[in-house]
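Contents: one structure, followed by commentary.
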């Protein structure tokens, strides 16, 4: 294990590289209000972040990443386009001994730019890829937006699409929903019995018969969902070829050019994929224009689906081996800026490097 | 010398003494009624340590006792990576308690976790905050809901009278221990069909990090033979 000064020196070299690429260095507080992070990530973040109590400000978290504070800072009045760089510790709670570091340095580069998203994707990737070139890492790319566009393109109700979109980062539940909406799972007898009961009477009568209504969820909310359940039960299944297209996308792993060709084939069957495929083609062209050897890139359509929750478009990782966390990760997070901006949004893409892993691999010198 | 930690009072202590007695090992409190010391007869080399049931997981995890009897639920709730730090030798067949997720009985549209998840999404959109589940079993409930892919909920801490939180509008649902379900029904709540987080009972645990010399290992072997484990 490299010592801390050596790791910090690697981090400083990366920060210098980001500054040379036009980024403005920024800082963020280590103590972050828990509220915004909990709203974004849900209760799961409590298992992954250190929560502490401030006597005046309430629940706080030790900074689990820089993305949220940097976006908040930018939304509060940054000029556009903007490039930011940072270097500092992040903290990740570990529930198992020895598995992963609970405190480590992170060097990051974030780009906010409305003009040309494929070019912005390529700029961030090329900057991080070039900075780590001496290490000879394997580069994996992906695009959560392709899966999202496939879901939007399904021939089914907006309600079902919204349910699938909501669980796009939870593979288990996504799978179960897709099986149910696709008519592939054997119908759940509990659901069938529920539908039968709901069809037998008005929601108001059923609620009255079930006992006094307690709590904040009101009778009209229960009635609305009863109606929605009955409507959904009458909906036809999503056509099998469309479900198969979604599955083929989830399973797609190839070199980047071959993956693009495969996706063109899927777009022929599902026209809703055409814009996503055009985006990918434009990104590959932009990467090539920045000198990246696109033919050498791996592409996995579902890459980052479980671990990089806020990414909703391009994603990437630079990997040294299976027994080490990714040395660098990054991607596009347009939706996160919309949530944090309360209506205002700006296309954003960024990436982070762990200088500790860079040092462990022999460093950049 | 093996240190065996058992609950110091209440029904759990009596049932533990009965369980050991039925296997020819007697656990006896020595000295005055209020003294937390005891002796073990019927097997050599075992020392009795009387502790509150809630302290036993911590003492096991730290290796300050070799063996301990306590509920599966408190071990899983209190000790991260519990299986890496202790071994479950036997489930003892008493102290049964189910940790379940319950919602208002008037939620006629909700039977399963699938429904709860869908309701959580709609609730958050309608009320501007995540659906609140009151519990004192944060780790168990969070791990369970994560594995089941339930989103848009938040846990609110409730250390007692959890069944009342829904009526008092400080939570929309609860996760709590029940043995018969009568208290839940009396509070107009129902258990989700697939809402069983853990079927807990008392169990005998061994601490991996306790000092296990040649003597202790031999004493443990003898004890396990005596107990039929």
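Since every read-out is calculated from the coordinates, none of them should be taken as a lab result. Source: prediction; values computed, not measured. Counting neighbours? That spans all protein chains shown, and the Cβs are built from the backbone with ideal geometry, glycine included.
Go ahead and run the numbers for FRET between residue B:94 and residue B:167, Cβ-Cβ distance against an R0 of 30 Å, rounding to 0.05. Walk me through the numbers on the way to the answer.
Numbers: r = 32 Å, r/R0 = 1.06.
The computed FRET efficiency comes out at 0.40.
Taking the Cα atoms of the stretch A:245-365, report the difference between the largest and smallest coordinate on each principal axis, in whole Å and largest first.
If we take the Cα atoms of the stretch A:245-365, the spans are 48, 39, 30 Å.
For the stretch A:1-153, build the convex hull from the C-alpha positions and give me its volume per residue in Å³.
On the way: hull volume 26.9 nm³, N = 153.
Expressed per residue, the convex hull around the Cα atoms of the stretch A:1-153 is 176 Å³.
Once all Cα-Cα distances of the stretch A:1-82 are split into 10 Å bins that start at 0, what whole-number percent is in each one?
15, 35, 32, 18, 0
Please check: in the Gaussian network model of chain A (C-alpha springs, under 10 Å), which one of A:211, A:88, A:317 has the largest mean-square fluctuation.
Result for chain A, Cα springs under 10 Å: A:211 fluctuates most.
Any chance you could get the radius of gyration and Dmax over the Cα atoms of the stretch B:97-200, in Å?
Gyration radius and largest Cα-Cα distance of the stretch B:97-200: 12.2, 36 Å.
For chain B, what does the helix formula give at 222 nm: sum of -39500 (n - 2.57) over DSSP H segments with n ≥ 4, over the residue count, nearest 500 deg cm²/dmol?
Numbers: 8 runs with 75 residues, N = 229.
The helix-only estimate for chain B comes to -9500 deg cm²/dmol at 222 nm.
Starting from 0 in steps of 10 Å, tell me what percent of the Cα-Cα pairs of the stretch A:39-82 lands in each bin.
Final binned percentages: 22, 43, 26, 8.
Using a 7 Å offset from Cα along Cα-Cβ at residue A:73, what residues in the stretch A:332-365 end up with backbone N under 12 Å from the label point?
none
How many Å³ per residue does the convex hull of the Cα positions in the stretch A:156-239 occupy?
Details: hull volume 9.9 nm³, N = 84.
Convex hull volume per residue, Cα atoms: 118 Å³.
Taking all pairs of different Cα atoms in chain B, averaging 1/r and flipping that mean, what Kirkwood radius in angstroms comes out? Could the numbers behind the result be given before it?
Working: mean 1/r = 0.0519 Å⁻¹.
Result for chain B, one decimal place: 19.3 Å.
Per the Debye formula with a single identical scatterer at each Cα and no solvent contribution, what log10 I(q)/I(0) holds for the stretch A:312-365 at q = 0.27, 0.31, 0.32 Å⁻¹?
-0.98, -1.13, -1.17
Largest first, please: the extent of the C-alpha atoms of the stretch A:125-181 along each principal axis, to the nearest Å.
Principal extents (largest minus smallest coordinate, Cα): 49, 20, 13 Å.
Label residue A:159 and residue A:269 with points 7 Å out from Cα along Cα→Cβ: what is the distance between them in nm?
Calculated label separation equals 2.8 nm.
Order by neighbour count: A:174, A:66, A:316, fewest other Cβ atoms within 10 Å first, most last. Can you show the working numbers first?
Values: A:174 22, A:66 25, A:316 29.
Fewest-to-most ranking of A:174, A:66, A:316: A:174, A:66, A:316.
Which whole-number percent is the relative contact order of chain B (Cα, under 8 Å, 6+ apart)? It would help to have the intermediate numbers written out before the result.
On the way: 445 pairs, mean separation 67.8, N = 229.
Relative contact order of chain B: 30 percent.
Give the Debye-formula value of log10 I(q)/I(0) at each listed q (0.07, 0.09 Å⁻¹), with one equal scatterer per alpha carbon of the protein assembly as shown, two decimals each.
-0.55, -0.88
Would you mind calculating the gained length between residue A:48 and residue A:19 on full extension (0.36 nm times residue separation, minus the Cα-Cα distance), in nm to one decimal?
Length gained between residue A:48 and residue A:19: 7.4 nm.
How high is the relative contact order of the stretch B:97-200, in percent, with contacts defined as C-alpha pairs under 8 Å that are six or more residues apart?
49
Could you work out how far apart the two model spin labels at residue A:255 and residue A:323 are, taking each label as a point 7 Å from the Cα in the direction of the beta carbon, and quote it in nm?
With each label point 7 Å from Cα toward Cβ, the separation is 2.9 nm.
Rank B:207, B:105, B:147 by mean-square fluctuation in a GNM of chain B with C-alpha springs under 10 angstrom and give only the top-ranked residue.
Looking only at B:207, B:105, B:147, the largest GNM fluctuation is found for B:147.
Can you tell me how much longer the chain between residue A:114 and residue A:12 gets when fully stretched, taken as 0.36 nm per residue apart minus their C-alpha distance, in nm with one decimal?
Working: separation 102, 0.36 × 102 = 36.72 nm, distance 2.89 nm.
Here the segment from residue A:114 to residue A:12 would lengthen by 33.8 nm.
Could you give me the radius of gyration and the Dmax of the stretch B:1-104, taking only the C-alpha atoms into account and expressing both in angstrom?
14.4, 53
Tell me, what is the percent relative contact order of chain A, built from C-alpha pairs under 8 Å that lie six or more residues apart? Working shown, then result.
Values: 560 pairs, mean separation 91.5, N = 365.
After rounding, I find 25 percent.
May I ask you to derive the FRET efficiency for residue A:247 and residue B:28 from their Cβ-Cβ distance with R0 = 51 Å, giving the value to the nearest 0.05? Write down the numbers at each step before the final one.
Values: r = 64 Å, r/R0 = 1.26.
The formula returns an efficiency of 0.20 here.
Compute the orientation-averaged projected area for the stretch B:167-229 from the convex hull of its Cα atoms and round it to one decimal in nm².
Working: hull surface 31.2 nm².
Directional mean of the projected Cα hull area for the stretch B:167-229 stands at 7.8 nm².
Just to be sure I understand the model, the point goes 7 Å from the Cα along the line to the Cβ. What's the resulting residue A:104 to residue A:231 distance in nm?
Once both label points are built, they end up 4.7 nm from each other.
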